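The values are calculated or read from the model by the stated rules, or taken from the named source; none is laboratory data. Quick caveat, the model's predicted, so the values are computed rather than measured. When we count neighbours, we look across all protein chains shown, and the Cβ atoms used for this are built from the backbone with ideal geometry, even at glycine. Areas reflect the complete protein model, heavy atoms only, side chains present, ligands, DNA and RNA absent. Shrake-Rupley method; radii C 1.70, N 1.55, O 1.52, S 1.80 Å.
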Amino acid sequence: ESDAGDYTCVCGDKQSTASLTVHALPAVFKEELKNEEVQEGASVALRCELTKAAPVQWKIGSKVLTASDKYQMRQPGTTVELVIHDLEVKDA
């Protein structure tokens, strides 16, 4: 998308200009989440990989998760990760 814009070819005192529009492809899952089994009290990292960097939202059921002492979200490049600390049975 950052390549979009007006491009000009100049030859002496003549020039030709064209506008370039780039249509973004949607991000899709390159590697999906995997099921995990973890002991109560431990931590777990859930991660997946996208085809390109994009904003994500983490949910449990319909509840949107926000960063806290319990939930840590990271997004280095195209990998997105949710770390859940001090797991309880209700976190399943």
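Among the numbered criteria (1) under 28 Å from L87 (Cβ atoms); (2) touching an Asp or Glu at 6+ places or on another chain (Cβ under 7 Å), which single criterion is violated by T66?
Failed condition: (2).
When you check V10 against the structure, is it in contact with a Lys or Arg (Cβ under 7 Å, 6 or more places away or on another chain), modelled with pLDDT of 95 or more and not in a loop (DSSP other than H, G, I, E, B), yes or no?
Here the answer is no, as V10 does not meet what is asked.
Please go through the stretch 61-73 and give me each residue that is modelled with pLDDT of 95 or more, open to solvent by 60 Å² or more (accessible area, probe 1.4 Å) and closer than 19 Å to E36 by Cα, ordered by number.
Q72, M73
Tell me which of these A24 doesn't satisfy, since it passes every other one: (1) free of Cβ contacts under 8 Å to residues at least 24 places away in the same chain; (2) under 18 Å from K90 (Cβ atoms).
(2)
Do you know which residues across the stretch 57-92 are touching a residue at least 40 places away in the same chain (Cβ under 8 Å) and part of a loop (DSSP other than H, G, I, E, B)?
T78, H85, D86, L87, E88
Of the residues A42, A4, A54, which is surrounded by 10 or more Cβ atoms within 10 Å (Cβ to Cβ), among the hydrophobic types (A, V, I, L, M, F, W, C) and in contact (Cβ under 8 Å) with a residue 40 or more places away in the chain?
Selected residue: A42, the only one of A42, A4, A54 that is surrounded by 10 or more Cβ atoms within 10 Å (Cβ to Cβ), among the hydrophobic types (A, V, I, L, M, F, W, C) and in contact (Cβ under 8 Å) with a residue 40 or more places away in the chain.
Scanning the stretch 16-39 for residues that are among the charged types (D, E, K, R) and over 20 Å from D86 (Cβ atoms), which turns out most open to solvent (accessible area, probe 1.4 Å)?
Only one residue fits best here, namely K30.
Condition (residue is under 30 Å from A4 (Cβ atoms), touching a Phe, Trp or Tyr at 6+ places or on another chain (Cβ under 7 Å) and not in a loop (DSSP other than H, G, I, E, B)) applied to the stretch 26-47: is it met by at least one residue?
Within the stretch 26-47 (the criterion being under 30 Å from A4 (Cβ atoms), touching a Phe, Trp or Tyr at 6+ places or on another chain (Cβ under 7 Å) and not in a loop (DSSP other than H, G, I, E, B)), the answer is no, since none of the residues qualifies.
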